[in-house]
Amino acid sequence: MTSQLLLKAATVYKDAPSPVVPSVAEIIVGLIAFSILFILLKVKAVPAFEKAYAARTAAIEGGIEKAEFAQKEAEAALAAYTAQLSEARAEAQAIREEARVQGSAIIEDLRSKAQEEANRITTAARASIEAERQQAVASLRHEVGSLATELASKIVGEALDDQVRQSGIVDRFLADLEKSEK
Amino acid sequence: MAGGTPDDGAFWTITSYLIAGLGFWGGCGFAADHFLKTGYWTLIGLLLGMGTGFYLIWIRFIRDDLNKPDPRLKK
Amino acid sequence: MAQPGFVPPSSSDFFYNPSFGSSIVATKPVMLLLFSVIIITAFFTLSARKSAVVPSRLQFAGEAVYGFVRNGIGQDVIGEEFQRFTPFLFAIFTFILTNNLFGVVPFMQFPTMSHIGFPVSITIFVYIVYHWVAIKKKGLGRYLKEMCFMPGVPKPIYIILAPVEFLTYFAVRPLTLAMRLFGNMFAGHLLLLLFTLGGEYMLKSAAFVKAFAVLSFGLAIGLSFFEMGIEALQAYIFTLLAALYIAGALADEH
């Protein structure tokens, strides 16, 4: 069976050309074709690809630089902002403190002023009341004196008039009266 | 077809050495048998060739690889 | 198993007669290859035209591919001097990727790199570049000395090691580089052909076999997606190894 197959194969392939013997014409064609391809690629394709490579590398590096710059800028801005913020905060704190101090001072001032005013008014009122009282007392005393004198003179006679007045009898009487009242 | 890694380089270097070793020394043995009308030189030549192939492979990939990596092996 | 009458796909399916005339330039793979040069250049020129800082969708797509090769392969593997080699690696990656992906693009459906001549031609460039870089940097004598005589080995052993190292640098590397790309694309395309042609054949057969045709086509579609991954991966590995060889040529030690 196997030998029959081999025999058959041998007859089938007897006329087949050997595939491992190269054809000189094909080698020459291959050499020419490859040379042409090599030159064309070297001149047309490779430099352009290399250019794109270089451009891309440059672009990427440039991008990185740009990003770094932006980052630095952002960091600087952040730092400035933070500084400003803390400054503003401190300022606000100071203002608030000052306001508080000022506020309490004002309140204190107002209070003392009001107190003073009140005192002043009270004192003035008291003084005027006193003065009026004095006046009233003085005028009352005078009137009572004259009334009593008048009365007494009407009773006793007019002669007594000047004498009594000069001797201060009435006054003494009134003082005695006040003393006994107290 | 033996994998698609750069180790193909090593694979084909090894194959080349074995083919060269067997081919050269086996051929010498065959020629000796032919001219001397003997029958054992071919075998001796083949064995020598195989030994040579393995020796060269050993030098290239094991001995030298420890001291200085063969440039053909580097990734 | 193949029934009588079914012709399985073979390497002859990879060889096309010229579409017109008799020149090899008129065959499908060569036309696809030249077409790839046009669309790669057009795409990346358009995408890079504006080189704006904020990319359009087209520019973004172009830059993604360019950045992948420039940073993911060039810078990581070669290190300091990578900029000199970026156009070279970029051309390798886009060239292989586009031509590989032709394998699953409808109506094209042929991975150009499954014709070994094309991987060989790219490999020739890589080969010249990494040797040239090393010789220019170290001089031929020092380059060969460092290549064949790694330090720290007993002197007699060099007789055994030196030819193997030499062969590795001058024969095995370019061979594996070209063969790997070619082999992956060839095998992948053969697999897709098998399921597609098989499905087609079964469709012409008896009714109950037709059911399997659906399975076969389904597998072909699934494998197309798998192939897409392989195609991208192979473009990456080829570029990576080119970068590794250049890095090795620039390296001072060893």
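Out of every Cα-Cα pair that segment B:8-65 contains, those further apart than 15 angstrom amount to 50 percent. When the inverse distances between all different Cα atoms of segment C:179-254 are averaged and flipped, the Kirkwood radius reads 14.7 angstrom.
Could you tell me the distance between the Cα centroids of segment C:209-252 and segment C:140-162, to the nearest Å? Cα centroid to Cα centroid, the span is 36 Å. Rounded to the nearest 10 degrees, the inclination of helix C:158-167 to the longest alpha-carbon principal axis of chain C is 50 degrees.
Considering segment C:101-254 at the alpha-carbon level, its Rg and Dmax are found to be 22.2, 73 Å. Compactness ratio for segment A:20-88: Cα radius of gyration over 2.2 N^0.38 Å (N = residue count) comes to 2.59.
Rolled with a 1.4 Å probe across the full set of protein chains, the surface gives C:Lys145 an accessible area near 130 Å². Applying the criteria of a DSSP loop state and at most 16 other Cβ atoms within 10 Å to the chymotrypsin sites (Phe, Trp or Tyr not before Pro) of segment C:126-165 yields C:Phe149.
Summing both sides, the accessible surface hidden between C and A at a 1.4 Å probe radius is close to 3800 Å². For each pair in A:Lys8/C:Lys210; A:Lys42/C:Lys136; A:Lys8/C:Lys28; A:Lys51/C:Lys136; A:Lys51/C:Lys145; A:Lys154/A:Lys179, compute the distance between the two Cα atoms and list the pairs where it is over 32 Å. Over 32 Å Cα-Cα: A:Lys51/C:Lys145.
The GluC sites (Glu not before Pro) of segment C:37-142 that DSSP puts in a loop, and whose beta carbon has at most 10 other beta carbons within 10 Å, are C:Glu80. For segment A:40-179, the Kirkwood estimate of hydrodynamic radius, built from reciprocal distances between every pair of different alpha carbons, is 26.2 Å. Largest GNM mean-square fluctuation across C:Asn100, C:Asn17, C:Asn71, computed for chain C with C-alpha springs under 10 Å, falls on C:Asn17. In terms of Cα atoms, the Rg and Dmax of the protein assembly as shown work out to 58.2, 208 Å.
The values are calculated or read from the model by the stated rules, or taken from the named source; none is laboratory data. All of these numbers come straight from a predicted model, not from anything done at the bench. A quick note on method: Cβ atoms are made from the backbone with ideal geometry, for glycine too, and the neighbour counts reach across all protein chains shown. Ligands, DNA and RNA are stripped out before the accessible areas are found, and what is left, the full protein with its side chains, is counted by its heavy atoms. Shrake-Rupley method; radii C 1.70, N 1.55, O 1.52, S 1.80 Å.
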